[in-house]
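Novice: Sharing a structure here in structure tokens format.
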Amino acid sequence: MKVVRRWRPFLLNPDMPRDGMERQAYLYGKFGSDARIQRVYDAIADAGELEKIPFEFDRIVRTPNSVDSHRLIMFSEATGTAEQVVDALFQVYFSNGQDIGNRDVLLEIGERCGIDSEKLSRYFDSGADVDAVLAENGALHRLGINGVPAYIFNGTFVVSGAQESPILVRALDAANVADAAVS
């Protein structure tokens, strides 16, 4: 079985205002207290440390509306740079604290990844794929996905949350067996 990784649009905050919102207001609205915010950040930072991911949560000033970030990923698939774009989005947001809902930031990421910035700017201005992002997000929510990461195997097996490798291997095996049964 050939495995193909595909990044799909999932909005953690589908009702986020177009310009995003101030990070602390968002965190208090979601978690309610400094103690709960710190517990969540500590757990993520601990997991990141194991994978050598330098989370810098204190640098994040705004929680973005990520629709245009997902559009950038869709656009980058045509140029074969989706993996590079996703890595750059994670880096500039989680390590640099940049607003990945800001088109200038997204244009800079695209250009750094080899995407023609004029074409990308026209794409953003056109509104292309906004409906596709929203439709796919809705479909993923209907599958029962309510957080990230989530893995979908053969369009039917869903594994949610950060998982150890053996769990993902079992899901791949199950998808392979189901695929063989259909063939």
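Novice: Counting other Cβ atoms within 10 Å of each Cβ, which trypsin sites (Lys or Arg not before Pro) in the range 20-61 have at most 12 and sit in a DSSP loop? Numbers along the way, then the final one.
Specialist: Numbers: sites: Arg23, Lys30, Arg36, Arg39, Lys52, Arg59; in loops: Lys52.
Taking the range 20-61 and a limit of 12 other Cβ atoms within 10 Å, the loop trypsin sites (Lys or Arg not before Pro) found are Lys52.
Novice: Is there a quick way to get the dipole size of the chain? I mean about its Cα centre, with the Cβ of Lys and Arg at +1 and of Asp and Glu at -1; what is the value in debye to the nearest 20?
Specialist: About 420 debye.
Novice: Roughly speaking, what is the centre-to-centre gap between the range 37-76 and the range 93-146 when only Cα atoms are used, to the nearest Å?
Specialist: Using only Cα atoms to place each centre, the spacing works out to 15 Å.
Novice: Divide by every residue of the chain the summed helix terms, -39500 (n - 2.57) for each DSSP H run of at least 4, and state the resulting mean residue ellipticity at 222 nm, rounded to the nearest 500 deg cm²/dmol.
Specialist: Roughly -16500 deg cm²/dmol at 222 nm, from the helical runs in the chain.
Novice: Under 8 Å for C-alpha pairs, at least 6 residues apart: give me the relative contact order for the range 144-183, rounded to a whole percent.
Specialist: Numbers: 30 pairs, mean separation 12.7, N = 40.
Relative contact order here is 32 percent.
Read-outs: derived from the displayed coordinates by stated rules, not from any lab. Source: prediction; values computed, not measured. So basically every Cβ, Gly included, is an ideal-geometry build from the backbone, and we count neighbours across all protein chains shown.
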